[in-house]
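S.K.: Dropping a structure here in structure tokens format, bear with me for questions.
Values quoted throughout were computed directly from the atomic coordinates according to the rules given, and no laboratory measurement underlies them. Note that the structure is a prediction, hence the values are computed from the model and not measured. When we count neighbours, we look across all protein chains shown, and the Cβ atoms used for this are built from the backbone with ideal geometry, even at glycine.
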Amino acid sequence: MRRNLQSGDRLRPVDLARGHGLSTQAVRNYEEAGILPAAVRTPHGYRTYTPLHAGALRAFLALVPGHGHRTAAAILRAVNQGAVDEALRLIEESHAQLLGDRRTLQAVESALRDLEPGLGSEPGVGSEPGVESEPAAVSGPGGTFIGPTFIGPLADQLGIRPATLRKWERAELVRPRRDPRTGYRVYDEADVRDARLAHQLRRGGYLLEQIAPLITQVRAAGGLEPLEAALCDWHGRLSARGRSMLTGAAELEAYLRERG
């Protein structure tokens, strides 16, 4: 519950800290990081805070669940520096990321519903770009590949490094074949599906050792059931994040009004 503070009130660091379950050192750290405006100093050099500082702290703590600590801190720093447009840009980027996560999850669910037994079969032999008679990495609807593709294009599509795909291969999340002539990795449509699933679950906070058995079950079962619980949990996380963004927006708006 918020404390009703008059404009002339002065708060010690301990008052501000206790009201939010923080340590006084955390409050000082937030001030030094620019999350809180600079404290008023007494003639003896002691920090004192005001309702404005309390509003900044409320806004920051409300923004963290939806945007993450780093982005929430950047938003408050921008506001405190008078760069409100920059703060709004950061918020819009977070909302765009949330929308992208929702669309990716929907795409994964749609792809899983269309799975048929046997999709984990061996890919055909292809070659790496630059080799004569290479198969084309054709993009289908939604940017997915039709036919074999290679580590570079697949990494680009997912927005990850090729080294990440090699790490996933060691964890058996993807199983590309090697071209017998060049030794290059060749990913067929089932491998791309597995990579997309791994990428989505990693974004949802799952560890490689948690993802591997799920993908193994999907390969064997050819259906959505093995991932239903994980996808349901990710839906819940996205919804919670969206609601947290609303709460954070309300607190930030209150802080902006208080700043004038």
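S.K.: Looking only at the stretch 16-58, which residues are without any contact (Cβ under 8 Å) to a residue 12 or more places away in the chain and either assigned to a strand (DSSP E or B) or closer than 14 Å to Leu76 by Cα (or both)?
M.R.: Listed by number, the residues that qualify are Asn29, Glu32, Ala38, Arg41.
S.K.: While we're here: When you go through Glu228, Glu251, Glu169 one by one, which is the residue that is closer than 25 Å to Glu93 by Cβ and part of a helix (DSSP H, G or I)? Full working, then the answer.
M.R.: On the way: Glu228 fails: closer than 25 Å to Glu93 by Cβ; Glu169 fails: closer than 25 Å to Glu93 by Cβ.
Step by step, each of Glu228, Glu251, Glu169 is checked, and only Glu251 is closer than 25 Å to Glu93 by Cβ and part of a helix (DSSP H, G or I).
S.K.: Determine whether the stretch 59-68 contains at least one residue that is at negative phi, surrounded by fewer than 18 Cβ atoms within 10 Å (Cβ to Cβ) and part of a loop (DSSP other than H, G, I, E, B).
M.R.: No, the stretch 59-68 has no match at all.
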